[in-house]
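As structure tokens, the structure follows; a few thoughts come after it.
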Amino acid sequence: MTLVPSRSLLDDAVLHERAVPSFNVITLEHVEAIVVGAERAGSGVLLQLSENAIKYHGGRAEPLLAASRELADAASVPIGIHLDHIQDRKLAERLIALAPRFGVGSLMFDAANLDYAANVAATTEVTEAGHAAGLWIEAELGEIGGKDGAHAPGVRTDPTEAADFVAATGVDGLAVAVGSSHAMTERAASLDLTLIAELAARLPVPLVLHGSSGVPDETIALAVAAGIRKVNIGTVLNVVWTGSIRATLAGNSSLVDPRRYFRGARDEMTATVAALCAVVSPSPLCKY
Ligand SMILES: [Zn+2]
């Protein structure tokens, strides 16, 4: 097993009615923890790099994409590379051009902050460019003019509008608003499982759950059973990572070697990844 196209993981998830765990990477340690956690769980996963993470690295996507490709290539489970929440059109074009070099298989273009017509127009153009490069393209349909897009609490994706959006844009996957919201550090969100089932029945493409860090494990499992096929997970890894570092450094003002406090943080992140893989892609169907 090795680096694989995102599309093959998603096709397999659709076929077997499970979801692809998709974890956000910020540092090299995230990539290492996600790959080892996926191997421990025996699960295929996506490593995903967001526009915000690219900005954090001075606008350069290449170093983390190279690390992701190297570690995915050496992994014992199938791993794909995805670009998450790309809002900047110019960046999307640049990343699509870079994709073959780093084995990137998919990209989420996020124009959910635009009104419906502008979202359709922009998403259609990026989808065409992505398809020409062989990429699987995810998009998001948010509240019209909504500042927080589809992930503001209370916002819901309308099934008819979503079906029209998918038909008009040609996207391969859709991030839906079903009750979760981004960057939650407590796992208290409830999801509209009836709406997930209705969207799954109406839409011809896989549904993506964003903001999963705020959703309890049992609710994530129910969402997958209802039809979610890609589960994005970011914040909870950073809750675990930062919590471990904070605990290690507390009362140890002489500790300066980052390996001494990163190691435990990476181990805890690895365990969290393995546990979430089992929730999102449960045994015995976790082997791709
Ligand atoms: Zn998201």
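The values are calculated or read from the model by the stated rules, or taken from the named source; none is laboratory data. Computed from a predicted model, the values in this text were never measured in an experiment. Ideal geometry is used to build each Cβ from the backbone, glycine not excepted, and the neighbour counts take in all protein chains shown. Surface accessibility is based on the protein's heavy atoms, side chains included, excluding ligands, DNA and RNA. Shrake-Rupley method; radii C 1.70, N 1.55, O 1.52, S 1.80 Å.
One table, with the values for the structure above:
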| quantity | calculated |
| --- | --- |
| Residue match in segment 207-229 (condition: small (G, A, S), outside any helix (DSSP H, G or I), at pLDDT 95 or above and open to solvent by less than 60 Å² (accessible area, probe 1.4 Å)) | yes |
| Candidates A271, A275, A247 - the one that is at pLDDT 95 or above, in a helix (DSSP H, G or I) and within 21 Å of E17 (Cα to Cα) | A275 |
| Residue within segment 66-88 that is in contact with a Ser or Thr (Cβ under 6 Å, 6 or more places away or on another chain) and of a type in the set (D, E, K, R) present | yes |
| Whichever residue in segment 151-186 is more than 16 Å from the ligand (Cβ to nearest atom) and modelled with pLDDT under 80 and, among such residues, is nearest to I228 (Cα to Cα) | G154 |
| Qualifying residue in segment 176-194 (condition: assigned to a helix (DSSP H, G or I), out of contact with any Gly (no Cβ under 8 Å at 6 or more places or on another chain) and open to solvent by less than 30 Å² (accessible area, probe 1.4 Å)) | no |
| Check on A111, out of contact with any His (no Cβ under 6 Å at 6 or more places or on another chain) and crowded, with 20+ Cβ neighbours inside 10 Å | yes |
